[in-house]
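A short write-up of the structure that comes next.
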Amino acid sequence: MIKILVTGAAGNIGSSLVKALLKDPKYFVVGVDNLSTGHKSKLPSSMERFKFIKSDVNDYKDIHPVFGAYEFDYVFHFSALVGVLRTLENPLSVLKDIDGIRNILSLSKNSNIRRVFFSSSSEVYGEPVSLPQYEDTTPLNSRLPYAIVKNVGEAYFKSYLREHELPFTIFRFFNTYGPNQSEDFVIPKFLSAALNDKPIIIYGTGLQTRTFCYVSDNIETMTKCLENDLFENEILNIGSDIEYSIVDLARIVIDRTASKSKITHVTALIEGDMTRRCPDISKMKKVLGRELISLEEGIDNIIKYYKTR
């Protein structure tokens, strides 16, 4: 049986990945999370091929025994403090995530791990120099603590490959959304307001653009990379290549929910709200071999989930 460690397992992407992996009987999955922002309720409650361990990857003494108890074949390191406002308000906590990256890599290279998958972020690109943003040629120019940590993390992975021949794949996520996402992120925040006919709050003009990737597209891409040995020692953008302004997103949410909500503009964030985002996803499209789920369909899926939970 193939043993896989998923850190940050109680988060939006981590929990979805755990559930996807467990659909295949050849996988035994250990999920690790300190539950500072994640929720155990997102994970399977009882299953023979799944084990949840509350542990802090940033604390070597806490995560070391997990590697001692299981002989992992693969690691998905998704544990991180996320969210623009949360990371701006807690910059020192963000920097602690460097310790977690170092701990995971150190333990992995001593444990015969076949490959470590790392969740980087679109934030490493900073303000766009050109669009779309390519994995191999677009400059990384963000100065925010969260982005710096991800950039340092990418450098660590490349260095461990050179010195210890530890294979990696780096995923740069662009706004992955889905039913399990916390309500302090833009789509669930807008949906929560719209479903209750409350004002939808937008920072600044709302003309800043983002692309939105439904979580199942993200998960299918990653699991295919695992199962088909794709993009070893490479970086992969995971997202959509269709841009939406935040105002347009709010209007779509209001339309899909038939809401009476009004759009309300407040003072723009001082930092952290980049003007545009749009990745080149040629690699991702090649993996999926199909069109991505549209924003409208993804929002409809979340609305159905909210109404049945």
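Here are the numbers for the structure shown:
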item	result
Subset of segment 20-44 (residues that are at pLDDT 95 or above, out of contact with any strand residue (DSSP E or B) (no Cβ under 8 Å at 6 or more places or on another chain) and surrounded by fewer than 16 Cβ atoms within 10 Å (Cβ to Cβ))	Lys23, Asp24, Pro25
Checking Val149 against (1) in the same structural domain as Gly11 (by TED's automatic domain parsing); (2) buried (at least 21 other Cβ atoms within 10 Å of the Cβ); (3) farther than 23 Å from Leu17 by Cβ, the condition it does not meet	(3)
Strands (runs of 3 or more DSSP E) contained in segment 182-269 and holding at least 1 residues assigned by TED's automatic domain parsing to the domain that holds Thr138	234-238
Enumerated helices (runs of 4 or more DSSP H) restricted to segment 37-150, each holding at least 2 residues that are in contact (Cβ under 8 Å) with a residue 40 or more places away in the chain and of a type in the set (Val, Ile, Thr)	60-69, 84-89, 97-109
Matching residues in segment 71-123 - criterion: being small (Gly, Ala, Ser) and either surrounded by fewer than 23 Cβ atoms within 10 Å (Cβ to Cβ) or farther than 16 Å from Val30 by Cα (or both)	Ala80, Gly83, Ser93, Gly100, Ser106, Ser111, Ser119, Ser120, Ser121, Ser122
Qualifying residues in segment 140-177 (those that are among the β-branched types (Val, Ile, Thr) and modelled with pLDDT of 95 or more) - the one nearest to Tyr244 (Cα to Cα)	Thr176
Candidates Gly8, Gly31 - the one that is among the small types (Gly, Ala, Ser) and either assigned by TED's automatic domain parsing to the domain that holds Ile187 or within 15 Å of the chain's Cα centre (by Cα) (or both)	Gly8
Sole exception among (1) surrounded by fewer than 20 Cβ atoms within 10 Å (Cβ to Cβ); (2) modelled with pLDDT of 95 or more; (3) closer than 25 Å to Gly239 by Cα for Lys51, by number	(3)
Boolean, Ser182 is among the small types (Gly, Ala, Ser) and under 28 Å from Glu232 (Cβ atoms)	no
Flag if Asn180 is at pLDDT below 95, surrounded by fewer than 16 Cβ atoms within 10 Å (Cβ to Cβ) and not aromatic (Phe, Trp, Tyr)	no
When residues of segment 251-304 are limited to those that are modelled with pLDDT of 95 or more and of a type in the set (Gly, Ala, Ser), the one surrounded by the most Cβ atoms within 10 Å (Cβ to Cβ)	Gly298
Single residue of segment 216-246 satisfying the filter (surrounded by 16 or more Cβ atoms within 10 Å (Cβ to Cβ) and aliphatic (A, V, I, L, M)) that is farthest from Phe117 (Cα to Cα)	Ile246
Residue list for segment 1-36, filter: in a loop (DSSP other than H, G, I, E, B) and out of contact with any Leu (no Cβ under 9 Å at 6 or more places or on another chain)	Met1, Gly8, Gly11, Leu22, Lys23, Asp24, Pro25, Lys26, Asn34, Leu35
Residue in segment 113-124 that is in contact with a Leu (Cβ under 6 Å, 6 or more places away or on another chain) and within 25 Å of Glu89 (Cα to Cα) present	yes
Residue in segment 63-70 that is within 19 Å of the chain's Cα centre (by Cα) and surrounded by fewer than 16 Cβ atoms within 10 Å (Cβ to Cβ) present	no
Filter result for Ile202 (more than 23 Å from Lys3 (Cα to Cα), touching a His at 6+ places or on another chain (Cβ under 7 Å) and hydrophobic (A, V, I, L, M, F, W, C))	yes
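The values are calculated or read from the model by the stated rules, or taken from the named source; none is laboratory data. Please read these numbers as outputs of a predicted model, since none were measured by experiment. Neighbour counts run over all protein chains shown; Cβ positions are idealised from the backbone, glycine included.
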